[in-house]
Every structure is written in C-alpha cells, then in structure tokens.
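Reviewing the structure listed below.
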Amino acid sequence: MPTTEYATTLVVLDLVGIFVFAVTGALVAVRKHLDLFAALVLGGVTGLGGGFIRDVLIGATPPAALADWRYLIVPVAAGLVTFAFHPVVGRLERVVTLFDAFGLALFCVTGALKAVDYGVGPVPAALMGMVTAIGGGMIRDVLAGRVPVVFEGALYATPALAGAAVAVVLDRVGLPLGVVAAAGFGTCLGWRLLALVRGWQAPMPKGPANV
Amino acid sequence: MPTTEYATTLVVLDLVGIFVFAVTGALVAVRKHLDLFAALVLGGVTGLGGGFIRDVLIGATPPAALADWRYLIVPVAAGLVTFAFHPVVGRLERVVTLFDAFGLALFCVTGALKAVDYGVGPVPAALMGMVTAIGGGMIRDVLAGRVPVVFEGALYATPALAGAAVAVVLDRVGLPLGVVAAAGFGTCLGWRLLALVRGWQAPMPKGPANV
Amino acid sequence: MPTTEYATTLVVLDLVGIFVFAVTGALVAVRKHLDLFAALVLGGVTGLGGGFIRDVLIGATPPAALADWRYLIVPVAAGLVTFAFHPVVGRLERVVTLFDAFGLALFCVTGALKAVDYGVGPVPAALMGMVTAIGGGMIRDVLAGRVPVVFEGALYATPALAGAAVAVVLDRVGLPLGVVAAAGFGTCLGWRLLALVRGWQAPMPKGPANV
C-alpha cells in the first residue's frame, strides 16, 4: 500500500537526517576535546533539538522522538561512530556538509507541515519549519560554548525559512503532499547548495560595529 | 465599548514593548558583528522569548505570539530597522534604555496576570511575571555568547519581580484590573528608573570570589 | 498511614536534593563575582531546571515546582545562605560534592519514574531520569558562560543514566516501588562515589582534536 510505503520512506529519511545532524554535533564535541558523553549529548541535541523546540512550542508533547526508540538510538549510534572514528569522519567534512544540507531541507519541510497539522497559522508554521531545521544546531553551539555558527554569515537559516514557506504556501493552495514536500525540499536544498558552491554570505552590518 | 478599547490598548502596548526589546536584541547582534539573520533572531527572542518560556511552563501552548502574526512581524521590523540604521539607533541608547524599562514594567504585569489566569498560585505567578520580563534578554545574551547582563549588578530583575508581586497581590485582593495593572507597572517602572538615575546596584558577593 | 509517610519522606528528600543542587548553582555565581540575583537564579535553575525540562517534554505542565511554593522557597534559601556565607560554604566543597551525588541519585530515580507515570516508554523514561538529574547543572553552566562541566570527563551523567535505567527496568518487572527506588538510587550513588574516590574519567577522544 502506497501510504505505508510513504510513511516508511519518511521515517527512513527522517532518521538519515537525524544521523547526519548528530554527526555534526559529535564532531564539535571531539574538536573541543570534550568526553564521550558530550559527543552523545551534542549529537542528540543537534539531531533532535529542533524538533523538540517545535513540539514543545506547538504543544505536541511528548515529542515524537520520545515515543519511538529508533529516534533515540540513531543519534547515539552517530555519536559513537563519530567519537571512535573522528579522524576519518573529520576528513569527510565535505560529505557531512552535503548531507547536512539534505537534513536541513528535509526538516524545514517536515517541521512546517507538522506545525500546520497542529493548527498553527501559515506565518508561524513557516517559522516552526525553520526552527526545526536550525534549532538543534543552535543548542549544540550554545552547549559547546560558542556563538551559533548560523549567526556568522553562512547562508543557512534563510534557505530553511524559504523551503518551509514554500511548503506552507503550496499546502495551503491544496497541492498534493508529494508536490508540496518536493517543492519545499528542493527550494531549501538548491539555495543552500548554491550558497555553499558560490560562497554566498548573509548581509553583515555596515560601518563600525561598536557605535 | 470599553472592553474592546482596553483590549486594543493592551495589544498596542504589548507590541511597543516587544519592539523595544527586539531593538536591544538586534543591537547586540550588530555590536558582535553578527549577520542580518542574527539581528532578526536575537531581536525575536528578546522580544518574545520571555513570553514563550512562561507559556511553555504554564502549559499555554502554542504561545500567543504563534497565533497572531502581528507578534512575529513586529520583532522582524525592529530587527530590520536596527540592522539598517544601527549607528543612529546606537546613539539613541538612552532612549532605548528608557523604553526598555517601559517594556520591563509592562511584561512583568501582563506575564504575572496571564499566569494567574492559568490557575498558577501567587508565588509562582509573580515569578512567571519576572520571567516574562527578563527571560528574553537572558536568551539573547546566552545566544550572543555572553553572561546575562542581568547577572552583573544592574537592578533590573528585582523591579520586575516587585512589579509582578504587587500586581498578583492586588489582583488577589480583588481590585479592578486597571488599578492592579497600574500599580504593578508603576512599581516596576519607578524602581527601575530610580535605579538607572541613581546608579543603584544589586548586592555583590563580599570577600574574595575564588574561595 | 504508610502512604502519607512515604509521600512526606519523598518530598523531604526532594527538597534536600534541590537545596544542595541550588547551593552548587549559587557557588558558581559567587565565584564568577555575579550579583545576588544571579546567585538566586543560578541556584533556582540548578535545583529545579532538570525537572522543568522533563515536565515540559513529557507534557506535565505546569511543573510540580510551580504548583507548590516550598519548591520555590528552598532554592531561594539555598541561594541566600550561599551568597551570605560563601567562604564557609566554599570550604565545605567536599561535603557539597557528597550531597550533590545524593541529589543526582535521587533525581535520576524520581525523574525516570515520573516519566513512566506519564506513559513514556522505558528508553526515553531512563533518558528523562538522566535529564532530571543533570539538566539543571547544564543550564547553570550555560547561563554562567561556561561549557557544562558534565562534558569534561567527570563521570557524572553515566551513573545518573544507569540509576534511571535500573529503576525503569525493575519497575517494569513489577517489583515494589521501595525496591525499585532503592536499587536505582544505590546504582547511581555507588557508581558516582566510586568515580569520585578513584578519579574515574569518561572516555576522551583519541588522537589530535582538530583534524
């Protein structure tokens, strides 16, 4: 039955996205020379934190990840693998960045559509999509004692917001779910990859900073 | 009808408070030389974060700001204006500080009364009022990578707690809402402005710090 | 009646745990030369923060601490005492660490069992137990502008997770609550004290960190 197949596909994609996000979290722990536990926690919050913030804000508690153990095992596995083989994983940085863009595009769409499902209006639903996609990385950076990298010029949040907005608008128009998801996903992924390849930056403040 | 007028007045005051708080958040982003997105996020969390914490803790989800797009547009506008004209806004620091005291006094009262409305007892309701008033600024500082300024001697949280406590007590006594709100607002604003003018400080630890 | 006695005992133990955790929070504030308000807030979030995160995630809002003023008075008292007598409290560091281990063992068990009560599955319930025990300390460290100490090699989170897991498994087996609680508590406390006495460390990443 196609419905079941879609659902299975979505869970698999979701778990892949969580795995890659968790790898980026565990890499930060290793590079700050923190311990194994830090690698697991930073992996876990990077992979699941954005969804947790969204679920707590829209009142969808307990979050899905607490009701399905697969969502907890995946970041643990990512953390262990990264901790054990970090020189190898670190050398695959470009591959990680590529998969990270994939996770970003996936989560901005699933996050926005879940918010719509919970009766949130279109503007906050798009915002929730962006929060789902970038929230975990922001918690990771705060816990690791650094300013969120998303604040320092990389075009990362804007593609997520754009992808979420496209998904929300097309869903409102009434297009089929597959089209809605594909359009939102493609918008975010395309923009993010272009930004990476061409080195696009978010606008920085002009003039002296300490006025 | 007076009820509608009161409601409109409250929304307008609320939006003014959010705007000013958001300006302080965006100014922190500009001064740390972070990008436009950081200005919007730090503006948004400063303006809305305190209310989000309160709403999540008292179970009032989704927070009001996610159900009314005006609450999302205002911090975005504040962030854009501050980012574009930061040398001007920065020179208006004293005006910003004055309006910030106004926002503090407003949010400690509305935050406390909302908690009372949700059946929270008087002591935690006063605490929720303070959290509404100062929580956004604390998230701003953590995200910007600095210790919350509210921890470093400025008399900022105490007036907010006092204003919230006055509002909760007078509400419990059964006074009309207008009196309750005015007394709480006046307590917080008066104390905060006196602290600013006279340079009052919160007590600091005595003796050597690293015992 | 035994039930009432059990309940009273649990509340007293809970308040003792919160007090000790709050002392560690207030000590961090004093050592960073932050003001009295910071001592109270860092005390409060250290004592109550872990339970707040758990309650928000499992949907048990408002958290118990907001429905019972004793849970708010205790960290305030701990913060005031620590602020006023910090040279004395600081010299009692070993006693504080001992009591802190007691609070850790207590909270991992009560946190896990509360999550089970709210219908959370065994794996996430054990995780919630650990979060209850270590979450407050992590918020304390983030607010104080330092990387959570739990990330830097001390065996602190693992005993909490182990104690929570033991409690969840034995509860699922159907043993009486007293046995369940004692076994979980003993597992965490024993492991933590052994780690302190013998200087056990969590695994650190091998090889160069900045690959």
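All of the numbers you see were taken from the coordinates with simple rules; none came from a lab. Note that the structure is predicted; figures quoted are calculated from it, not measured. Don't worry about glycine lacking a Cβ; one is built from the backbone with ideal geometry, like all the others, and counts go over all protein chains shown.
Got a sec? Charge dipole of chain A, +1 on Cβ for Lys and Arg, -1 for Asp and Glu; which of A:VAL123, A:VAL173, A:HIS33 is way out at the positive end?
Result: A:HIS33, furthest along the dipole toward the positive end.
Where q = 0.07, 0.09 Å⁻¹, what log10 of I(q)/I(0) comes from the Debye formula for the protein assembly as shown, counting one point per Cα?
Once normalised to I(0) and log-transformed, intensities are -0.43, -0.73.
For segment B:151-205 and segment B:104-119, what is the separation of their C-alpha centers, rounded to whole Å?
13
Going by C-beta contacts inside 10 Å, put B:MET138, C:MET128, B:MET130, C:MET204 in order with the fewest on the left.
The order, fewest Cβ neighbours first, is C:MET204, B:MET138, B:MET130, C:MET128.
With +1 on the Cβ of every Lys and Arg and -1 on the Cβ of every Asp and Glu, and nothing else charged, how large is the dipole of segment A:1-114 about its Cα centre, in debye rounded to the nearest 20?
Here segment A:1-114 has a charge dipole of around 240 debye.
Using the Karplus curve 6.51 cos²θ - 1.76 cosθ + 1.60 with θ = phi - 60°, work out ³J(HN,Hα) for each residue of segment C:186-196 in order, rounded to whole Hz, and write x for Gly and Pro.
With the stated coefficients, segment C:186-196 comes to x, 4, 5, 4, x, 4, 5, 5, 4, 4, 5 Hz.
Taking the Cα atoms of segment A:143-205 alone, what are Rg (to one decimal) and Dmax (as a whole number) in Å?
14.2, 44
Taking all pairs of different Cα atoms in segment C:1-83, averaging 1/r and flipping that mean, what Kirkwood radius in angstroms comes out?
About 13.1 Å, per the Kirkwood formula over Cα pairs.
Within 10 Å of each residue's Cβ, count the other Cβ atoms and sort A:THR9, A:THR132, C:THR24 from fewest upward.
A:THR9, C:THR24, A:THR132
Given charges of +1 on the Cβ of Lys and Arg and -1 on the Cβ of Asp and Glu, with all other atoms neutral, how large is the dipole of the protein assembly as shown about its Cα centre, in debye to the nearest 20?
1460
What are the ³J(HN,Hα) couplings of segment C:173-185, residue after residue, when phi is run through the Karplus curve with 6.51, -1.76, 1.60 and θ = phi - 60°? Round to Hz, x for glycine and proline.
5, x, 5, x, 4, x, 5, 3, 5, 5, 5, x, 4
Taking chain A as a Gaussian network, Cα atoms linked when under 10 Å apart, which of A:PHE85, A:PHE37, A:PHE107 shows the biggest mean-square fluctuation?
Result for chain A, Cα springs under 10 Å: A:PHE85 fluctuates most.
With +1 on each Lys and Arg Cβ and -1 on each Asp and Glu Cβ, and nothing else charged, work out how big the dipole of chain C is about its Cα centre, in Debye to the nearest 20.
Result for chain C is approximately 520 debye, rounded to the nearest 20.
How many nanometers, to one decimal and shortest first, lie between the label point of B:VAL179 and those of its other copies, if labels sit 7 Å from Cα toward Cβ?
Label point to label point, same position, other copies: 6.2, 6.2 nm.
Where a Cα-Cα gap under 18 Å defines reach, which aspartates and glutamates qualify for C:LYS32, not counting those fewer than 8 residues away within the same chain?
Of all the aspartates and glutamates, those that pass the test against C:LYS32 - Cα under 18 Å, at least 8 places apart if same chain - are B:ASP141, B:GLU152, C:GLU93, C:ASP141.
Give the relative contact order (percent, whole number) for chain C; include only Cα pairs under 8 Å separated by 6+ residues.
About 22 percent, as a whole number.
Rg (Å, one decimal) plus Dmax (Å, integer) for the alpha carbons of segment A:2-198?
Spelled out, the Cα radius of gyration and Dmax of segment A:2-198 are 15.9, 49 Å.
May I ask you to evaluate 6.51 cos²θ - 1.76 cosθ + 1.60, the Karplus curve with θ = phi - 60°, for each residue of segment C:148-163 and list the ³J(HN,Hα) values in order in whole Hz, giving x for glycine and proline?
Values, residue by residue: x, 4, 5, 8, 10, x, 5, 6, 10, 6, 4, x, 5, 5, 5, x Hz.
Under the rule of -39500 (n - 2.57) per DSSP H run of 4 or more residues, summed and divided by the residues of the protein assembly as shown, what mean residue ellipticity at 222 nm is obtained, to the nearest 500 deg cm²/dmol?
Rounded to the nearest 500, the figure is -26500 deg cm²/dmol.
Charges on Cβ only, +1 for Lys and Arg, -1 for Asp and Glu, centred on the Cα centroid of chain C; of C:PRO203, C:VAL96, C:GLY135, which one is farthest towards the dipole's positive end?
C:PRO203
How high is the FRET efficiency from C:THR9 to C:ARG91, r the C-beta distance, R0 25 Å, rounded to 0.05?
That gives a FRET efficiency of 0.25.
Skipping prolines and chain starts, which residues have an amide H placed within reach, meaning under 5 Å, of the one on B:ALA154, given they are 5 or more residues away or on another chain?
B:ALA202
Among C:PRO148, C:ALA22, C:LEU189, flag the residue with its Cα farthest along the positive direction of the charge dipole of chain C, charges on Cβ as +1 for Lys/Arg and -1 for Asp/Glu.
Working it through, the farthest residue towards the positive pole turns out to be C:PRO148.
Can you sort A:CYS188, C:CYS108 by how many other beta carbons sit within 10 Å, fewest first?
A:CYS188, C:CYS108
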